[in-house]
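The values are calculated or read from the model by the stated rules, or taken from the named source; none is laboratory data. Given the structure is predicted, the values throughout are model-derived calculations rather than measurements. All Cβ positions, even for glycine, are placed from backbone atoms using ideal geometry, and neighbour counts span all protein chains on display. What goes into the accessible areas is simple: the full protein's heavy atoms, side chains included, and nothing from ligands, DNA or RNA. Shrake-Rupley method; radii C 1.70, N 1.55, O 1.52, S 1.80 Å.
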Amino acid sequence: MNLPSFLWLWRIAAWSMGLSLFTYFLLAISGTWMLYFRSMERPRPDILRPLHLILGSILVLLILLLLGIGIVGTLGEYGKLGQSLHLIFGITVVVLVLISAVSGSKINRYSWLRFVHIGTNLLLLLGLISVTWTGWTVVQKYLP
Ligand code: HEM
Ligand code: HEM
């Protein structure tokens, strides 16, 4: 397949990544807000938890979409995976976002998961930065 034929796919990747970072930012805000109300022992606004859950689901879907685009695009281009560090960072981010989603949704039942949730999310920020950086670097190969 010729190189430019995949450009549109990487363009979708770039946009989805922008959206993912934005969603992460909103999750950090709504999460910190919940933490604040809990530590002040004040009842929190009803909207906060559903909002955080919807944003969380959007982030998971976006990351899975990016994983799909990455794998389909790379297989289409080279016929095999493992072209760069981007693969390792990509898989790490997928694993982290899934741990975050599972731990978050069980915080009610096991409160120690709160630390897992917050910890993975801090790592996730580093992961998102690495995957954006490496993705941006490999995408240069495809630019005309
Ligand atoms: C990946 C998708 C995510 C899902 C499904 C999710 C889900 C949840 C759930 C269900 C809770 C518990 C709410 C409650 O106490 O009833 C929670 C709490 C929280 N989440 Fe998330 N979350 C996600 C991502 C994130 C991200 C990316 C951040 C930060 C960058 C974050 C930060 C927090 C914080 C700070 C809390 C509050 C914990 C507390 O009250 O002590 N979450 N999340
Ligand atoms: C969470 C976000 C992302 C995930 C999970 C992800 C995942 C992947 C995976 C698993 C591959 C296969 C890599 C290989 O086998 O070497 C890949 C390839 C690729 N991804 Fe991503 N990706 C993400 C974000 C991005 C972004 C933001 C860009 C840039 C716009 C991008 C551009 C590419 C390109 C150009 C390739 C082809 C690999 C190459 O030519 O070396 N990705 N991605």
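Can you tell me which residue among LEU9, LEU96, LEU87, LEU75 is within 14 Å of ligand 1 (Cβ to nearest atom) and in a helix (DSSP H, G or I)?
Only one candidate qualifies: LEU96.
So which residues in segment 86-112 are touching a helix residue (DSSP H, G or I) at 6+ places or on another chain (Cβ under 7 Å) and under 20 Å from LEU51 (Cβ atoms)?
Those that are touching a helix residue (DSSP H, G or I) at 6+ places or on another chain (Cβ under 7 Å) and under 20 Å from LEU51 (Cβ atoms): VAL97, SER100, ALA101, SER103, GLY104, LYS106, ILE107.
Condition check: among the small types (Gly, Ala, Ser), near ligand 1 (Cβ under 8 Å from one of its atoms) and in contact with a helix residue (DSSP H, G or I) (Cβ under 6 Å, 6 or more places away or on another chain). Does SER30 satisfy that?
Against the criterion (among the small types (Gly, Ala, Ser), near ligand 1 (Cβ under 8 Å from one of its atoms) and in contact with a helix residue (DSSP H, G or I) (Cβ under 6 Å, 6 or more places away or on another chain)), SER30 qualifies.
Could you please find all residues in segment 102-144 being open to solvent by less than 50 Å² (accessible area, probe 1.4 Å), within 16 Å of ligand 2 (Cβ to nearest atom) and of a type in the set (Val, Ile, Thr)?
Correct list: THR120, VAL131, THR132, THR134, VAL138, VAL139.
Would you check if ILE69 is away from ligand 1 (no atom under 12 Å from the Cβ), among the β-branched types (Val, Ile, Thr) and either farther than 30 Å from LYS141 by Cβ or touching a Phe, Trp or Tyr at 6+ places or on another chain (Cβ under 6 Å) (or both)?
It is false that ILE69 is away from ligand 1 (no atom under 12 Å from the Cβ), among the β-branched types (Val, Ile, Thr) and either farther than 30 Å from LYS141 by Cβ or touching a Phe, Trp or Tyr at 6+ places or on another chain (Cβ under 6 Å) (or both).
Right, GLY127: part of a helix (DSSP H, G or I) and modelled with pLDDT of 95 or more or not?
So GLY127 passes the test.
For THR23, only one of the following conditions fails: (1) touching a Leu at 6+ places or on another chain (Cβ under 8 Å); (2) closer than 22 Å to TRP136 by Cβ; (3) open to solvent by 70 Å² or more (accessible area, probe 1.4 Å). What is its number?
(3)
So, in segment 55-78, how many residues would count as being over 15 Å from PHE25 (Cβ atoms), among the aliphatic types (A, V, I, L, M) and surrounded by fewer than 20 Cβ atoms within 10 Å (Cβ to Cβ)?
Summing the residues that are over 15 Å from PHE25 (Cβ atoms), among the aliphatic types (A, V, I, L, M) and surrounded by fewer than 20 Cβ atoms within 10 Å (Cβ to Cβ) in segment 55-78 gives 9.
Can you tell me which of (1) out of contact with any Gly (no Cβ under 7 Å at 6 or more places or on another chain); (2) in contact (Cβ under 8 Å) with a residue 40 or more places away in the chain is the one LEU64 doesn't meet?
Tallying (1) out of contact with any Gly (no Cβ under 7 Å at 6 or more places or on another chain); (2) in contact (Cβ under 8 Å) with a residue 40 or more places away in the chain, LEU64 fails exactly one: (2).
Quick check on this structure: which one of ILE58, ILE91 is modelled with pLDDT of 95 or more, under 19 Å from GLY119 (Cα atoms) and not acidic (Asp, Glu)?
The match here is ILE91.
Taking the criterion of being without any contact (Cβ under 8 Å) to a residue 40 or more places away in the chain, of a type in the set (Lys, Arg) and within 9 Å of ligand 2 (Cβ to nearest atom), would at least one residue in segment 49-56 satisfy it?
no
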